[in-house]
Amino acid sequence: RPEGYATVSRDITERKLAEERLRQATVDLLDANGRKTRFLATLAHELRNPLAPLRTGLDLMQLPGASQEALGRARAMMDRQLRQMVHLIDDLMDIARIDSGKIELKRERVALGTIVGAAIEGVMPMVEAAGHDLAVALPEEPLWLDADPTRLAQVLANLLTNACKYTPGGGRIALAARREGGDAVIEVRDSGIGIPPDALESVFEMFSQVSQNIGRAQGGLGIGLALVRSLVQMHGGTITAASAGAGQGSTFTLRLPLASLATAPAARPDGSE
Ligand code: ADP
């Protein structure tokens, strides 16, 4: 009976669909578990790494005959290691806050140039240590945003830090901004190792790291860009990555809505204009 066949074949199709859904769910779960395990291993590694140089530094400081110069170098090294650890832990705490919806933007009307200045000040020591050349090009007219300046500076500092990390010493890094219609478009470009085409999307995912990067030697947890993307989206913006391929450098393009000059500035925390 035709109806009978129809029912059977529909049952089979539905069962196949259900099996396929189950298979995909299993793959996703294993994938997520794998990433979590890798993340925990990397996290342990990243937290453990700075401890050995800190121990060495402390030991050196207790050596009776240590020269002032050696002591100065040890102090600078310990300072660097501690900063890196604080940065790592801050990123982790931010990710936890974003996951639980606890990050709030403190928006105010602010010129993009101010934010760029703050970000560059933070990364300059790293840029100089690597011998990179950093070029900044901003338009003459100020680009006004209703944004959280601390958070946006964190976004730009993160992109500039990555540009430093994934570019062999003596490279070129450029930050350029322009106005495009109602948006500010900011590009962070480097002359570094580049990103393979199939990883351009996934670099923004939590815990994702392109393997075999020379950058692995630089450490990192694969959470920086996930944090960057969340913060940009909270500002109503978008971020994309582009790269012409291995060794061809990378470009991160950020698009943020400009403050509408017709509306009153977002209230400043202190109530001033
Ligand atoms: P990480 O802590 O590993 O730097 P991120 O989330 O900041 O984590 O970046 C994720 C991955 O994206 C990095 O591990 C690296 O493989 C790749 N990546 C990020 N920025 C760049 C860049 N400017 N050039 C090349 N690869 C990059």
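The values are calculated or read from the model by the stated rules, or taken from the named source; none is laboratory data. Since this is a predicted model, take the numbers as computed values, not measurements. A quick note on method: Cβ atoms are made from the backbone with ideal geometry, for glycine too, and the neighbour counts reach across all protein chains shown.
Of all the residues in the range 35-50, those that are among the aliphatic types (A, V, I, L, M) and either touching a strand residue (DSSP E or B) at 6+ places or on another chain (Cβ under 7 Å) or in contact (Cβ under 8 Å) with a residue 24 or more places away in the chain (or both) number 2. Being more than 16 Å from the ligand (Cβ to nearest atom), among the hydrophobic types (A, V, I, L, M, F, W, C) and at pLDDT 95 or above is not true of Leu156.
Can you tell me which residue within the range 109-153, out of those that are farther than 22 Å from Ser230 by Cα and within 16 Å of the ligand (Cβ to nearest atom), is surrounded by the most Cβ atoms within 10 Å (Cβ to Cβ)? That would be His132. Within the range 194-218, restricting attention to residues that are within 24 Å of Ala129 (Cβ to Cβ), out of contact with any helix residue (DSSP H, G or I) (no Cβ under 8 Å at 6 or more places or on another chain) and of a type in the set (A, V, I, L, M), the residue that is modelled with the highest pLDDT is Ala217.
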